Amino acid sequence: MKNFKKTSFLSLTLGWIGLITTHIIWLNLRYENASGGDTGVVLFWASFFLLIFYGLFILIPQKGIVKLTKKLTLTSFTILSGVYALIGFTILIGWLFLISDNFYGVFLDAFVCGLIFGLTFHMIWNKKRNELKQIHLIPILTLPFFLLFIYLFVFPKLLPSFAYNVVPQYVRHDILKNTIPKFKVGDDLTELQKALPGEFDFEDCYGSRGASLEHFQYVVEVNCCKIVRIEFGPRQKTAYTMGGKRKPCS
């Protein structure tokens with residue numbers, strides 16, 4: 001069973017990436033951003049239960065997995081792996097979602113993770129596994145941490161407007177906190193909307209929005225497609241007031 005751990009863990013890591021990507025996509029379709037379904041919580045618990053799944057459902061029955069990889073075609077093994085991941089997820093934690101009758105999207109996440117695992121494992125094991133001999137196990141084991149660093153820290157810093165709707169809530173709040181101070185009275189609403197997509201979609205270029213986050217509060221008022229008031233600072237006991245009068249556009 002040489003290279004089984006390398007091949008299986010790498011395949012599961014790619015499946016984990018697919019799981020998170022799928023979760024972000026369906027959250028954006030349902031809530032218009034990835035914070036609506038608490039992506040951060042799902043990210044943590046998905047990683048935790050995937051490690052348990054890896055030990056119980058992959059490492060222990062590894063001989064059976066290898067036999068199926070050799071007997072089944074790529075398509076058959078991939079589909080079977082998706083179903084297998086779905087069954088394993090249901091046994092470990094999915095039954096709670098069935099009881100609560102809510103948040104069924106996580107089953108899609110698990111199925112996609114299994115599909116990607118099966119596809120990757122079958123291809124590597126039958127064609128490329130000998131090439132993994134040149135790669136030490138440690139880089140493969142640390143790959144998830146590197147990807148998390150890119151997703152949670154580098155991506156939001158380099159491309160905050162693109163990251164805004166696909167990151168967990170606390171990262172989203174950091175982007176908001178760092179972006180609001182870059183604007184001033186008189187700036188165009190369109191520029192604010194580009195920087196924080198979906199956050200300031202006012203009808204007829206008029207409206208106000210504010211919030212008190214954990215360590216930051218703000219208020220933005222817009223009239224005639226221009227920012228007419230913007231206040232921000234550390235969170236206080238009293239939030240900023242809103243409700244400026246609409247003025248005719250000249």
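The values are calculated or read from the model by the stated rules, or taken from the named source; none is laboratory data. Fair warning: this is a prediction, and the values are worked out from it, not measured in the lab. Reconstructed Cβ throughout: ideal geometry from the backbone, glycine too, with neighbour counts over all protein chains shown. What goes into the accessible areas is simple: the full protein's heavy atoms, side chains included, and nothing from ligands, DNA or RNA. Shrake-Rupley method; radii C 1.70, N 1.55, O 1.52, S 1.80 Å.
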- Message: On the basis of being out of contact with any His (no Cβ under 7 Å at 6 or more places or on another chain), among the hydrophobic types (A, V, I, L, M, F, W, C), within 30 Å of CYS224 (Cα to Cα) and surrounded by 19 or more Cβ atoms within 10 Å (Cβ to Cβ), does LEU176 make the cut?
- Response: yes
- Query: If the Cβ limit is 7 Å and pairs must be 6+ apart or interchain, which residue in segment 145-165 that is outside any helix (DSSP H, G or I) pairs with which residue that is open to solvent by less than 50 Å² (accessible area, probe 1.4 Å) and among the small types (Gly, Ala, Ser)?
  - Reply: ASN165/ALA34
- How about segment 102-144: which of its residues are free of Cβ contacts under 8 Å to residues at least 40 places away in the same chain and either surrounded by 17 or more Cβ atoms within 10 Å (Cβ to Cβ) or of a type in the set (Asp, Glu) (or both)? PHE111, GLU131
- Run down ILE135, ILE99, ILE140, ILE93 and say which single residue is at pLDDT below 95, within 16 Å of PHE57 (Cβ to Cβ) and not polar (S, T, N, Q). ILE93
- Message: Could you check segment 214-249 and list, in sequence order, the residues that are touching a residue at least 40 places away in the same chain (Cβ under 8 Å), open to solvent by 60 Å² or more (accessible area, probe 1.4 Å) and not in a loop (DSSP other than H, G, I, E, B)?
- Response: LYS226, VAL228, PHE232
- Task: Quickly run through segment 190-213 and pick out the residues that are part of a helix (DSSP H, G or I), out of contact with any helix residue (DSSP H, G or I) (no Cβ under 6 Å at 6 or more places or on another chain) and either small (Gly, Ala, Ser) or surrounded by 15 or more Cβ atoms within 10 Å (Cβ to Cβ) (or both).
- Result: LEU192, GLN193
